[in-house]
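The values are calculated or read from the model by the stated rules, or taken from the named source; none is laboratory data. Predicted model only: the values in this text are computed from it and were never measured. As a convention, Cβ positions derive from the backbone with ideal geometry for all residues, glycine included, and neighbour counts pool all protein chains shown. The area values use the complete protein model at the heavy-atom level, side chains included, leaving out ligands, DNA and RNA. Shrake-Rupley method; radii C 1.70, N 1.55, O 1.52, S 1.80 Å.
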Amino acid sequence: MKIALMDSGIGLLAAAAAMRRLRPDADLLLSSDPDGMPWGPRTPASLTERALAVAKAAAPHRPDALIVACNTATVHALPALRAELEPAIPVIGTVPAIKPAAAAGGRVAIWATPATTGSPYQRGLIRDFAAGVPVTEVPCPGLAEAVEAADETAVATAVAAAAALTPADVTDVVLGCTHYELVEDPIRAALAARTGGADLVFHGSAEAVAVQALRRIGAAPGPGLPVTGTLTVLRSGRHEELPAAALGYAEGRLLAGQGAVVA
């Protein structure tokens, strides 16, 4: 089994680590775009062009499925990616976990990039899955970029700014950018201070999208299988190693075979 994952940068690590936990025997192919990132400020047409190039770099490796491990690329490029690759390669997008967050009926905060916050796409998800539930959209300028650089000081600054915009009575937090799942602990700590230590529920997409990819190819999770899966890294189409920043996160160390445990 071979699963490809794509993103502009290292936001794909969370979903890749989830797939490694679910199927330790799966070969993983990580295709990113350091030459063209960040994708967020690009026009939809430009972003789609870059996303197609990243997907086409992965396609000759004949993956059984391709996970678009990027919320922004899913919004703008998913139809084009599916038109290009399917049915030969199933393409699975990443959707913010608004539906499960709203199901509990609490007060929901959605942390997302400035480009996604307030977008018709996100507003549509709120309308469809969170009607009647108090929802606050929280823009997080600079957070994805800080995560990409593994800059702890910049992460702390961006997290603090977003936490200040989050209502103190929030019960559920949606991590609406794949990069944010890599820094859930600092986010949790900042919001604990904001909410007086309330027991918040965090909702990411990594495991759900990994499960969906397996479902699409008719495979079942097998976390107890031997760890035999390989890792291939493409960066703007070039065969490279994981970037140093990736090893700053437990997910990256797990994928690199350094034995990191990802809870």
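Of note:
- The range 191-249, subset among the charged types (D, E, K, R) and out of contact with any Leu (no Cβ under 9 Å at 6 or more places or on another chain), residue surrounded by the most Cβ atoms within 10 Å (Cβ to Cβ): Arg194
- Count - residues of the range 150-184 that are within 16 Å of the chain's Cα centre (by Cα) and closer than 20 Å to Ala244 by Cβ: 6
- Counting only residues that are assigned to a helix (DSSP H, G or I), open to solvent by 40 Å² or more (accessible area, probe 1.4 Å) and out of contact with any Lys or Arg (no Cβ under 6 Å at 6 or more places or on another chain), the range 114-143 holds 5 of them.
- Among the residues making up the range 185-223, those that are over 21 Å from the mean Cα position of the chain (by Cα) and modelled with pLDDT of 95 or more are Gly218, Ala219, Ala220, Gly222.
- Flag if Ala146 is part of a helix (DSSP H, G or I), small (Gly, Ala, Ser) and under 21 Å from Gly40 (Cα atoms): yes
- Scope the range 76-106; condition under 17 Å from Gln122 (Cβ atoms) and surrounded by 18 or more Cβ atoms within 10 Å (Cβ to Cβ); matching residues: His76, Ala77, Leu78, Gly93, Thr94, Val95, Pro96, Ala97, Ile98, Ala101, Ala102
- Restricting the range 55-75 to residues that are assigned to a helix (DSSP H, G or I) and under 19 Å from Gln212 (Cα atoms), the residue that is most open to solvent (accessible area, probe 1.4 Å): Val75
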